[in-house]
Each structure stands twice: as C-alpha cells, then as structure tokens.
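Reading through the structure tokens given below for one structure.
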Amino acid sequence: QVQLVDSGGGLVQAGGSLRLSCAASGRIFSSYAMAWFRQSPGKEREFVAHISWSGGNTHYADSVKGRFTISTDNAKNTVYLQMNSLKPEDTAVYFCAATRFQGLPTNSRLYAYWGQGTQVTVSS
C-alpha cells in the first residue's frame, strides 16, 4: 500500500511562485511513475506533470510547460512541483498521484494512489 500526503498550497498573486510537496510512504518502488493533477470546480481532473520515480523522464501539460517543474528527492521519498509565473487560471486543488503503469500515463484513471489534495489560489 502506498500513502501520499500533499502540502504546500496557498494563496498567491499572479506572477508569484509556490512549491508543492508530496511525501510518499509505504511500498513504493523505483518503477512507479508520479504525477500531479489538478481540478477546478465543475471541471474534470486535469493532468499537469509526471515523472518517473528515478527522475529520468518528465512530461508536462502544454498549459504549464516552461512555468512548472516536477522533481523527485528519492532520499526523502518526496515529489515536488515548483510553480512559477502563476496565473489565475492555475487556481485549483492539486493532487499528487502514483501508478505502476509504465509509459508515464496522463489518464487519471490509471493512477491507483492519490494524495488528499492541496488548494492553490492565484489572485489577479
């Protein structure tokens, strides 16, 4: 069983930065892929970024490319999402997720393990 705990959300002005953290515990293996998704009220959960647990491969949604960076700290079993140049449309609840599926999927249904979510609000 894998447990994920998200943190780091908050209120920030447009153009500002936040760093989200996802602490993983339990039976998590180097073959896992880790991802961040986000969900706004009335919208479906949206892929943001993912990374192989080894950190070798990353992929981003077009909407965040060049502004967000996903990374891992294997010693701390933690995944980070550094968010820069934040925009009001980035406002959402952000969720960390883990999957054993190969190929770094962007479909949320393929992720079996989820954090509780952390709210990010960007004011204009």
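The values are calculated or read from the model by the stated rules, or taken from the named source; none is laboratory data. Source: prediction; values computed, not measured. Note that we place each Cβ from the backbone using ideal geometry, even for glycine, and neighbour counts take in every protein chain shown. For accessibility, only protein heavy atoms count, side chains too; no ligands or nucleic acids. Shrake-Rupley method; radii C 1.70, N 1.55, O 1.52, S 1.80 Å.
Backbone geometry of segment 10-16 corresponds, through the Karplus equation with coefficients 6.51, -1.76 and 1.60 at θ = phi - 60°, to 3J(HN,Hα) couplings of x, 9, 9, 7, 4, x, x Hz, x marking Gly and Pro. With springs connecting C-alpha atoms under 10 Å apart, model the chain as a Gaussian network and identify which of I70, I51, I28 has the largest mean-square fluctuation. Maximum among the listed residues: I28. Between K43 and S25, the distance separating the two model label sites (each 7 Å from Cα on the Cα→Cβ line) works out to 3.2 nm. For a paramagnetic label modelled at 7 Å from the Cα of S54 toward its Cβ, which residues of segment 82-111 fall within the zone defined by backbone nitrogen distances under 18 Å? Residues passing the 18 Å test: 99-105.
Does a label point 7 Å from the Cα of S124, set along Cα-to-beta-carbon, have any residues of segment 15-39 with amide nitrogen under 14 Å, and which are they? Answer for this model: 15. Remark on L86: its backbone amide H falls under 5 Å from those of G15, G16, a criterion applied only to residues 5 or more positions apart or on other chains, H modelled at 1.01 Å from N.
Among the protein heavy atoms of segment 38-124, carbon and sulfur supply 46% of the accessible surface, probe 1.4 Å, non-protein parts ignored. Segment 1-100 has equivalent-ellipsoid semi-axes of 22, 14, 13 Å, by the square roots of 5 times the alpha carbon gyration tensor eigenvalues, sorted largest first.
Note that segment 55-72 has calculated 3J(HN,Hα) couplings of x, x, 10, 9, 8, 10, 5, 4, 5, 10, 4, x, 10, 10, 9, 9, 8, 10 Hz, one per residue in order, obtained from phi through the Karplus relation 6.51 cos²θ - 1.76 cosθ + 1.60 (θ = phi - 60°); glycine and proline are x.
Shape class of segment 43-113 from the alpha-carbon gyration tensor: oblate, with a/c at 1.5 or above and b/c at least as large as a/b.
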